[in-house]
Amino acid sequence: MMKKSSALREVLFAAAIMLATAVFTLSPVNAQERRQDRQQDRAGNFDFYVLSLSWSPTFCATNKGGRNDQQCGLDKQYRFIVHGLWPQHEKGYPDFCRTSEPERVPRGLGETMFDIMPSMGLVGHQWRKHGSCSGLGQKAYFEKVRAAFERVEIPADLSSGNRPLTFSADEIEQKFLGANPGMSRKGIAASCEGRQLEEIRICLSKDLQFRDCAEVDRRGCTISQINLPPAR
């Protein structure tokens, strides 16, 4: 019995040594990865922007927009709106970066964006999650958002919203390419909500020139029939 107890103690001691060695070996690596993650989320540290243009009728037709009267009320007929202007890395993206700017967007500033970002909830969330990583102040960031929106020409046959439309993902992207000289097929991606168009994501350099973005392009919707519900 004594021999068995002694052998068990030796096994447990050896296991404890192995565990301690593993923790000692892995901890510095994990700490380094955490430091790299924090560095990646530093304000102003990014490679390009993604302009996300949401098809508002799809949002308003889902449960997501069910209680948003500011965007989806009966008197509202928004088409493409700005979901956000997102700082992006070639792989992944930063979010919720530390900044000296306040988290809350003043209503006076938010209201200046309502024609293209029709709610304080949307404006505030986009600032906190994405705008904080731009390295810009709030006013300058939303000026950049508007400049990015105005940089893109919405294809005429997609912008009216007066009747339901159906296209393939490729056809929708091709319409944007045709309306925007210099835009690359590898710099745009359609996103779907089921079989409805959710949004168009367009990659822009920091000075708002069209550019390729392999990761964003790969994640685009590729189905053959995408529906665009009408504004009303």
Legend entry - Local electrostatic count, residue 47, Cβ distance below 11 Å [Lys/Arg +1, Asp/Glu -1]: +1
Legend entry - Dipole axis of segment 42-228 (+1 Lys, Arg; -1 Asp, Glu on Cβ), positive-most option in 205, 174, 78: 205
Legend entry - Table column - 3J(HN,Hα) (Hz), segment 221-231, Karplus curve with 6.51, -1.76, 1.60, x for Gly and Pro: 6, 10, 5, 7, 9, 10, 8, 10, x, x, 5
Legend entry - Lysine pairs within segment 42-228, Cα separation less than 21 Å, 8 or more sequence positions apart or different chains: 12
Legend entry - Stretchable slack from residue 103 to residue 156, in nm (0.36 nm times residue separation minus alpha-carbon distance): 15.4 nm
Inset, instruction - Report the net charge of residues surrounding residue 128, where surrounding means a beta-carbon distance below 14 angstrom and charges are Lys +1, Arg +1, Asp -1, Glu -1. - result: -1
Legend entry - In Hz, Karplus ³J(HN,Hα) per residue of segment 167-172 (6.51, -1.76, 1.60; θ = phi - 60°; x = Gly, Pro): 9, 7, 4, 5, 5, 4
Inset, instruction - Specify, per residue and in Å³, the volume enclosed by the convex hull of the alpha carbon atoms belonging to segment 134-213. - result: 116
Inset, instruction - Arrange 144, 186 by Cβ neighbour counts within 10 Å, fewest through most, would you? - result: 186, 144
Inset, instruction - Using the Cα centre as the reference, give the magnitude of the dipole from point charges on the C-beta atoms of segment 42-228 (Lys, Arg: +1; Asp, Glu: -1; all else neutral), rounded to the nearest 20 debye. - result: 380
Inset, instruction - Between beta-carbons, use under 12 Å as the cut-off and find the net charge around residue 84, counting Lys and Arg +1, Asp and Glu -1. - result: +2
Inset, instruction - Amide H neighbours of residue 221 under 5 Å, at least 5 residues apart or on other chains, H built in the peptide plane: list them. - result: 190, 191, 192
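Rounded to two decimal places and with Rh computed the Kirkwood way over Cα pairs, what is Rg over Rh for segment 42-228?
On the Cα set of segment 42-228, Rg over Rh gives 0.95.
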Inset, instruction - Would you calculate the separation in nanometres between label points at residue 212 and residue 77, each defined as 7 Å from the Cα along the Cα-to-beta-carbon direction? - result: 4.2
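Values quoted throughout were computed directly from the atomic coordinates according to the rules given, and no laboratory measurement underlies them. Computed from a prediction, not measured in an experiment: that's the story for all the values here. Counting neighbours? That spans all protein chains shown, and the Cβs are built from the backbone with ideal geometry, glycine included.
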